[in-house]
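Quick notes on the structure that follows.
The values are calculated or read from the model by the stated rules, or taken from the named source; none is laboratory data. Because the structure is a prediction, the values reported are computed rather than measured. All Cβ positions, glycine included, derive from the backbone under ideal geometry; neighbour counts span all protein chains shown.
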Amino acid sequence: KVYPDMYSASKAVAQRIAAIIKQKTQKGEKVVLGLATGVTPIGVYNELVRLYREEGLSFKNVVTFNLDEYYPMNPEAPQSYKVFMYKHLFDHVDIDPQNVHIPDGALAQDDIAAFCLDYEQKITAYGGLDLQILGIGRTGHIGFNEPGSAPNSGTRLVTLDELTRGDAAHDFGGKANVPLKAITMGIGTIFKAREIILMAWNAKKAEIIKKAVEGEISSDIPATYLQHSDNVEFVLDIAAASAL
Ligand code: GLP
């Protein structure tokens, strides 16, 4: 779906999330959301906060799993995805912090494998993700599944691509300070979601969106795996869709 601008697109995605929350809450069921960071979803989070404040949308039954976190990363550092999520969403709505799950960038190396397995098991125990929202990196990564990621990959420690680290440099005061690794949900984890929405705004994303949507399916561009799935929607602004 192509929208005139990122604001109308973000509102539409927030409306879809709100609809799922209301539908499942009415049935007395928990809502399990897979969330993303980066600049792209900020408009969605702003709109969800507005819906909470002005229209009484409650997050009491919402359980969240974030896609990824840098490694190593102090969870309280300004660049951490944990700080990002509280700043843009969780601090402003009535979600129970016990229901918030974000990969832990402060784990000891030896504890990562067990943590990742537990993350997968928790998602399954909650009945799986109702909706996963995604941005896209210029390498074609979703979450931090960089080129080379396998379609059945699970939550794991990965090495970041140089282009990704370059794109993150401004947040860290230089590329040298960007962590070399990250913990990310896998492509297989993302694919198990009942619904997936990938969002992209801005002409900077036009080239990678063209490859993701129209290119040959390949581990070189992990987002092309989404072409396999019929429960995926690409939500774009005109600029991001301009090369299609
Ligand atoms: C990071 C995140 C991704 C995100 C991507 C794009 O690498 N790990 O989940 O989709 O950046 O970020 P932005 O939305 O800021 O363009």
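What the table below lists for this structure:
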{"item": "Total residues in the stretch 85-105, condition part of a helix (DSSP H, G or I) and under 14 Å from the mean Cα position of the chain (by Cα)", "result": "2"}
{"item": "Hey, K82 basic (K, R) and free of Cβ contacts under 8 Å to residues at least 40 places away in the same chain or not", "result": "yes"}
{"item": "Residues (within 28 Å of I17 (Cα to Cα) and away from the ligand (no atom under 13 Å from the Cβ)) located in the stretch 151-168", "result": "P151, N152, S153, G154, T155, R156"}
{"item": "Any hit, the stretch 14-32, residues being touching a residue at least 40 places away in the same chain (Cβ under 8 Å), buried (at least 21 other Cβ atoms within 10 Å of the Cβ) and within 16 Å of the ligand (Cβ to nearest atom)", "result": "no"}
{"item": "Residue count, the stretch 33-63 (criterion: surrounded by fewer than 21 Cβ atoms within 10 Å (Cβ to Cβ) and of a type in the set (V, I, T))", "result": "3"}
{"item": "The listed residue being under 14 Å from the mean Cα position of the chain (by Cα) and of a type in the set (K, R), out of K82, K11, K24, K30", "result": "K82"}
{"item": "Test for P4: is it surrounded by 23 or more Cβ atoms within 10 Å (Cβ to Cβ) and out of contact with any His (no Cβ under 6 Å at 6 or more places or on another chain)", "result": "no"}
{"item": "Count - residues of the stretch 194-208 that are within 16 Å of the chain's Cα centre (by Cα) and β-branched (V, I, T)", "result": "2"}
{"item": "Qualifying positions in the stretch 140-184 - hydrophobic (A, V, I, L, M, F, W, C) and touching a Cys at 6+ places or on another chain (Cβ under 9 Å)", "result": "L157, I183"}
{"item": "Number of the condition not met by S229 [criteria: (1) touching a helix residue (DSSP H, G or I) at 6+ places or on another chain (Cβ under 8 Å); (2) modelled with pLDDT of 95 or more]", "result": "(2)"}
{"item": "Index of the failed condition, I183 passing every other in (1) farther than 24 Å from I102 by Cα; (2) in contact with a strand residue (DSSP E or B) (Cβ under 9 Å, 6 or more places away or on another chain); (3) of a type outside the set (S, T, N, Q)", "result": "(1)"}
{"item": "Positions within the stretch 114-147 being part of a loop (DSSP other than H, G, I, E, B), within 9 Å of the ligand (Cβ to nearest atom) and not charged (D, E, K, R), in sequence order", "result": "G135, I136, G137, T139, H141, G143, F144"}
{"item": "Selected residue [away from the ligand (no atom under 14 Å from the Cβ) and either within 16 Å of A150 (Cα to Cα) or surrounded by fewer than 16 Cβ atoms within 10 Å (Cβ to Cβ) (or both)] from K175, K192", "result": "K192"}
{"item": "Criterion (farther than 22 Å from L180 by Cα and modelled with pLDDT of 95 or more) met by exactly one of Q98, Q109", "result": "Q98"}
